[in-house]
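Participant: I have a structure here, written as structure tokens, and I will follow up with some questions on it.
The values are calculated or read from the model by the stated rules, or taken from the named source; none is laboratory data. None of these values were measured; they are calculated from a predicted model. As a convention, Cβ positions derive from the backbone with ideal geometry for all residues, glycine included, and neighbour counts pool all protein chains shown. In case anyone asks, the SASA skips ligands and DNA or RNA and just uses the protein heavy atoms, side chains included. Shrake-Rupley method; radii C 1.70, N 1.55, O 1.52, S 1.80 Å.
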Amino acid sequence: GFKFKVDVFLPTDRNWIFDKVLRRADYITSCSRSVLEDVLEYVPEIKKKSVVIHNGVDLEEFRITKTYINSRPYIFSLGRFCDDQKGFDILIMAFKDIVDRGYDVDLILAGDGPDRRNQENLANLLKLNDRVIFFGNANRVNVVLLLNGCEFFVSSSRIEPFAIVNLEAMAAGKAIVATKVDGTPEAVKDGVNGI
């Protein structure tokens with residue numbers, strides 16, 4: 001009787017190894033109800049041994065009261081620049097509308113990855129190169145400083161099993177604007193702690 005637990009993630013495609021591991025697991029956890037429901041479509045017999053345990057954040061990190069200083073107020077977003085999952089293109093295009101309406105605010109995007117150049121090109125194409133700041137990778141302290149200093153946080157993801165960054169924004173006491181996808185509505189309640 002070897003017992004093991006499997007943390008559920010959403011597979012990119014169904015395969016027999018994934019199914020077999022889930023069926024043989026004694027207990028299965030998922031980071032969100034959304035992810036678990038997706039997996040249950042493929043392997044419904046695991047339902048009775050599955051539970052959702054949402055991700056969490058270390059609140060001690062958010063005792064820092066210093067803020068990131070920018071020349072203008074700023075909107076903040078954070079994530080990996082890989083394909084279009086994080087929806088930074090959507091955010092940059094929406095930000096163009098904010099700038100065109102005359103708001104004197106910047107957009108700071110923290111993170112890095114292979115899609116960063118595409119997002120920089122989009123910002124340049126929209127003539128936002130002086131208003132969209134590509135911060136690069138941010139260590140844990142910088143994430144807190146950037147959250148503390150922003151006007152609000154945006155999660156523009158197209159796919160998001162459960163965005164820990166939204167919890168981090170909450171821990172920093174920031175308002176959140178998030179796309180209503182996957183596990184995000186499990187943390188961001190429209191009109192309660194975000195939009």
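Participant: Report ³J(HN,Hα) in whole Hz for each residue of segment 144-156, in order, from the Karplus equation J = 6.51 cos²θ - 1.76 cosθ + 1.60 where θ = phi - 60°; Gly and Pro get x.
Facilitator: Rounded to whole hertz, the list is 5, 4, 5, 5, 4, x, 6, 6, 7, 9, 10, 10, 9.
Participant: Amide H neighbours of Ala138 under 5 Å, counting only residues 5+ apart in sequence or on other chains, H built in-plane at 1.01 Å?
Facilitator: Gly111
Participant: Calculate one ³J(HN,Hα) per residue across segment 85-95 by plugging θ = phi - 60° into the Karplus curve 6.51 cos²θ - 1.76 cosθ + 1.60, and present them in order as whole Hz with x for glycine and proline.
Facilitator: 4, 7, x, 4, 5, 4, 5, 5, 5, 5, 5
Participant: How big is the chain by Rg and Dmax over its Cα atoms, in Å?
Facilitator: Using the Cα atoms of the chain, the pair Rg, Dmax is 18.9, 66 Å.
Participant: Compute the distance from the alpha-carbon center of segment 148-173 to that of segment 63-82, in whole Å.
Facilitator: Using only Cα atoms to place each centre, the spacing works out to 11 Å.
Participant: Taking a label point 7 Å from the Cα of Asn70 along the Cα→Cβ vector, which residues of segment 151-175 have an amide N closer than 19 Å to it?
Facilitator: 151-157, 165-175
Participant: Would you please classify the overall shape of segment 89-158 from the alpha carbon gyration tensor, given that a ≥ b ≥ c denote the square roots of the eigenvalues, rounded means a/c under 1.5, and beyond that prolate means a/b larger than b/c while oblate covers the rest?
Facilitator: Note, shape of segment 89-158 comes out oblate.
Participant: Pairs to check: Lys48/Lys86; Lys47/Lys180; Lys66/Lys174; Lys86/Lys189; Lys127/Lys180. Give those whose C-alpha atoms are more than 22 Å from each other in this structure.
Facilitator: Where the Cα-Cα span goes over 22 Å, the pairs concerned are Lys48/Lys86; Lys47/Lys180; Lys127/Lys180.
Participant: Shifting gears a bit: Quick one: compute the contact order of the chain, relative version, from alpha carbon pairs under 8 angstrom and 6+ residues apart, as a percent. Walk me through the numbers before you get to the answer.
Facilitator: Numbers: 331 pairs, mean separation 41.9, N = 195.
Relative CO of the chain lands at 21 percent.
Participant: Note down the Stokes-Einstein diffusion coefficient of segment 20-107 in µm²/s, whole number, using a Kirkwood radius over alpha carbon pairs, 20 °C, and 1.002 mPa s.
Facilitator: The estimated diffusion coefficient comes to 123 µm²/s.
Participant: Quick one: helix 33-42 against the long Cα principal axis of the chain, what's the angle to the nearest 10°, folded into 0 to 90?
Facilitator: Relative to the chain, helix 33-42 is tipped by roughly 40 degrees.
Participant: Amide H to amide H under 5 Å from Lys86: which residues, 5+ apart in sequence or cross-chain, H placed 1.01 Å off N in plane?
Facilitator: Arg158
Participant: Express the carbon and sulfur contribution to the solvent-accessible surface of segment 26-123 as a percent, rounded to the nearest whole number, probe 1.4 angstrom.
Facilitator: Taking all protein chains in place, segment 26-123 shows 50 percent carbon and sulfur surface.
Participant: Got a sec to turn the phi values of segment 56-67 into Karplus ³J(HN,Hα) couplings, 6.51 cos²θ - 1.76 cosθ + 1.60 with θ = phi - 60°, whole Hz, x for Gly and Pro?
Facilitator: Each residue of segment 56-67 in turn: x, 10, 7, 5, 4, 4, 9, 7, 5, 9, 5, 10 Hz.
Participant: Rounded to the nearest 10 degrees, what's the angle between the helix 116-125 long axis and the longest principal axis of the chain, both from Cα atoms, 0 to 90?
Facilitator: Between the helix axis and the principal axis of the chain, the angle is about 40 degrees.
Participant: Let me make sure I get this right: for segment 143-190, a, b and c are the square roots of the gyration tensor eigenvalues over alpha carbons, sorted descending. Under 1.5 in a/c it's rounded, otherwise prolate if a/b > b/c, else oblate. Which is it?
Facilitator: Prolate is the answer for segment 143-190, as a/c is 1.5 or above and a/b outweighs b/c.
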